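Here the structure is laid out as structure tokens; the discussion comes afterwards.
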Amino acid sequence: MEEEGEGEPRELVVRNATRKAEAVATDQPDALVIAGDTEVVIDGEVLGQPENESQARAHLERLSGSEHHVLGGLALIGPDAGEEPRVGVDVSTVAFKELDEALLEAYLASGEWRGRAGSYAIQGLGSALVDIVRGDVSNVIGLPVGLLLRLAPELLTPR
């Protein structure tokens, strides 16, 4: 499934998460389906996933020494989720270090940027790029656990 890349960032992550959940729910009608989407936003622009190393470098250079937002959208669909999907968005703020050429080159050479919103993965080598995270770090990793539990508190109840 092709993800959408244009639109208001909060609406975009909810729309993408909902489309992913609906695609799975069609084949799993009796299951609770949880789907998510993560986007990196700086100065109102969604960076998306890089198509190549050159674009990854441009993303990382843009993030260098500045703050950006990571938006994590979730959608829950299933028999216990109600008639409409349960959806929500979490926002974390990430401040990047000023990236020197050696760190930038090492990160690009690692290939970890591939398939990553904003061209980095905080749970891996990308943590070396980050100075401060305000908000839920699990959101930056890709599954906003706090939001998930707010949308589905029943997940805390033993079955």
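The values are calculated or read from the model by the stated rules, or taken from the named source; none is laboratory data. Computed from a predicted model, the values in this text were never measured in an experiment. We place every Cβ from the backbone using ideal geometry, glycine too, and count neighbours over all the protein chains shown. When the accessible area is computed, the model is the full protein with side chains, heavy atoms only, and any ligands, DNA or RNA have been set aside. Shrake-Rupley method; radii C 1.70, N 1.55, O 1.52, S 1.80 Å.
The residue that is farthest from GLU154 (Cα to Cα), among those in segment 38-53 that are in contact (Cβ under 8 Å) with a residue 40 or more places away in the chain and not β-branched (Val, Ile, Thr), is GLU53. Looking only at residues of segment 87-121 that are among the β-branched types (Val, Ile, Thr) and touching a Gly at 6+ places or on another chain (Cβ under 8 Å), we find that the one that is nearest to LEU147 (Cα to Cα) is VAL89. For segment 100-122, the set of residues classified as in contact with a strand residue (DSSP E or B) (Cβ under 9 Å, 6 or more places away or on another chain) and of a type in the set (Phe, Trp, Tyr) consists of TYR120 only. Taking the stated definitions as given, is LEU76 within 22 Å of LEU155 (Cα to Cα), surrounded by 15 or more Cβ atoms within 10 Å (Cβ to Cβ), at pLDDT 95 or above and more than 14 Å from the chain's Cα centre (by Cα)? Yes: the conditions hold for LEU76. Taken together, the residues in segment 118-143 that are within 9 Å of the chain's Cα centre (by Cα) and open to solvent by 20 Å² or more (accessible area, probe 1.4 Å) amount to 3. Can you tell me which residues in segment 148-159 are touching a Gly at 6+ places or on another chain (Cβ under 6 Å) and either surrounded by fewer than 13 Cβ atoms within 10 Å (Cβ to Cβ) or under 26 Å from GLU112 (Cα atoms) (or both)? Hits for segment 148-159: nothing passes. Could you check, for segment 110-126, whether at least one of its residues is assigned to a strand (DSSP E or B) and among the β-branched types (Val, Ile, Thr)? Within segment 110-126, none of the residues are assigned to a strand (DSSP E or B) and among the β-branched types (Val, Ile, Thr). LEU103 passes every criterion in (1) at pLDDT 95 or above; (2) within 30 Å of THR26 (Cβ to Cβ) apart from (2).
For the condition surrounded by 14 or more Cβ atoms within 10 Å (Cβ to Cβ), within 13 Å of the chain's Cα centre (by Cα) and of a type outside the set (A, V, I, L, M), GLU3 qualifies. Only one entry in ALA35, ALA21, ALA17, ALA56 is in contact (Cβ under 8 Å) with a residue 24 or more places away in the chain, farther than 23 Å from TRP113 by Cα and either touching a Pro at 6+ places or on another chain (Cβ under 9 Å) or buried (at least 16 other Cβ atoms within 10 Å of the Cβ) (or both), namely ALA21. Scoring VAL70 on the criteria (1) modelled with pLDDT of 95 or more; (2) surrounded by fewer than 19 Cβ atoms within 10 Å (Cβ to Cβ) leaves a single failure, condition (2).
Between LEU74, LEU12, which is out of contact with any helix residue (DSSP H, G or I) (no Cβ under 9 Å at 6 or more places or on another chain) and either over 29 Å from ALA128 (Cα atoms) or of a type outside the set (Ser, Thr, Tyr) (or both)? Can you show your working first?
Working: LEU74 fails: out of contact with any helix residue (DSSP H, G or I) (no Cβ under 9 Å at 6 or more places or on another chain).
On inspection, the qualifying residue turns out to be LEU12.
Out of LEU143, LEU71, one residue alone is closer than 22 Å to ARG10 by Cα, in contact (Cβ under 8 Å) with a residue 60 or more places away in the chain and part of a loop (DSSP other than H, G, I, E, B). It is LEU143.
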